[in-house]
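Step one of this worksheet: look at the structure below.
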Amino acid sequence: MNEAIIFDLDGVIVSTDHYHYRAWKEIADREHVPFDEERNGLLRGVSREKSLEILLELAPRTYSAEEKKQLAEEKNKIYRQLLQELTPADILPGVLTWIDEAKEKGLRIAIGSSSKNTDFILERIGLSDTFDAVVTGADVEHSKPAPDIFLLAAERLGAGPEQCWVIEDAPAGIVAAKAAGMKTIGVGEFVQNSGADRWALTLGEAKL
Ligand code: BG6
Ligand code: MG
């Protein structure tokens, strides 16, 4: 029996790709690092720190740990400012139906996100009190593609990994869920060939 659903946040509940892109692009331009939407795709699902490492792979110089810390903080400041634009109208199609149906069936639901801005985003879109558990990159040492976020979410829901379905839009998230021993539903073009148990272009078309 399916007991629980763990939703990724960015790209599943709400689309934040473009805000991340705008914020990283500002940093990249300032540091003379080539960066475009395609490279932004490489940052999907992974932590802020790992995202910066990937971005700086094309930098003309090396950076100290302190400089990296500062750049990550600056990026987040710009990103948080942009997130002010989010409203409940930005919840992606199909999300509220999934939540309602899960509740009707008595399934427990959680958020499992790498983002340390999860609470702020949920607040902006009016879903702060919706989930039975919320686990973020701030709760674990190893973010996705490590399984830790999903394993902690299952624990907080009181469910075994084999009872959990994970809904993900990023390859790193599918890898993390599989490593956790959970079933996966891939949503969107970026995970079409990532080995998810089920796949749909949008959450509205996906089925449990
Ligand atoms: C993930 C996003 O959900 O969160 C990544 O897909 C992002 O692109 C990561 O890097 C960390 O986000 P934040 O909000 O902690 O900087
Ligand atoms: Mg995502």
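The values are calculated or read from the model by the stated rules, or taken from the named source; none is laboratory data. Fair warning: this is a prediction, and the values are worked out from it, not measured in the lab. Heads up, the Cβs are rebuilt from the backbone with ideal geometry, glycines too, and the neighbour counts pull from every protein chain shown.
In a residue-by-residue description of the stretch 31-45, the property of being at negative phi, away from ligand 1 (no atom under 12 Å from the Cβ), part of a strand (DSSP E or B) and crowded, with 16+ Cβ neighbours inside 10 Å applies to no position. For the stretch 183-193, state whether one or more residues are assigned to a helix (DSSP H, G or I), within 17 Å of LEU9 (Cβ to Cβ), touching a residue at least 24 places away in the same chain (Cβ under 8 Å) and among the aliphatic types (A, V, I, L, M). No, the conditions are met nowhere in the stretch 183-193. Being of a type outside the set (Val, Ile, Thr), in contact with a Lys or Arg (Cβ under 6 Å, 6 or more places away or on another chain) and modelled with pLDDT of 95 or more: is that true of ALA172 here? Against the criterion (of a type outside the set (Val, Ile, Thr), in contact with a Lys or Arg (Cβ under 6 Å, 6 or more places away or on another chain) and modelled with pLDDT of 95 or more), ALA172 qualifies. ILE99 meets each of the listed conditions (1) at pLDDT 95 or above; (2) loosely packed, with under 14 Cβ neighbours inside 10 Å apart from (2).
Please determine, by comparing only the residues of the stretch 1-30 that are part of a loop (DSSP other than H, G, I, E, B) and within 16 Å of ligand 2 (Cβ to nearest atom), which one is surrounded by the fewest Cβ atoms within 10 Å (Cβ to Cβ). Steps first, please.
Taking the stretch 1-30 first, the residues part of a loop (DSSP other than H, G, I, E, B) are 1-3, 8-9, 11-13, 15-16.
Pick out the ones that are also within 16 Å of ligand 2 (Cβ to nearest atom) and you get 8-9, 11-13, 15-16.
Numbers: ASP8: 27, LEU9: 23, GLY11: 22, VAL12: 26, ILE13: 28, SER15: 15, THR16: 20.
Among them, the one singled out is SER15.
None of ILE121, ILE99, ILE125 is touching a residue at least 60 places away in the same chain (Cβ under 8 Å) and either near ligand 1 (Cβ under 10 Å from one of its atoms) or over 20 Å from HIS20 (Cβ atoms) (or both) except ILE121. SER115 - would you say it is under 13 Å from ASP10 (Cα atoms) and surrounded by fewer than 24 Cβ atoms within 10 Å (Cβ to Cβ)? Judged against the criteria, SER115 is a match. Among the criteria (1) in a helix (DSSP H, G or I); (2) of a type in the set (S, T, N, Q); (3) away from ligand 2 (no atom under 15 Å from the Cβ), the one THR62 does not fulfil is (1).
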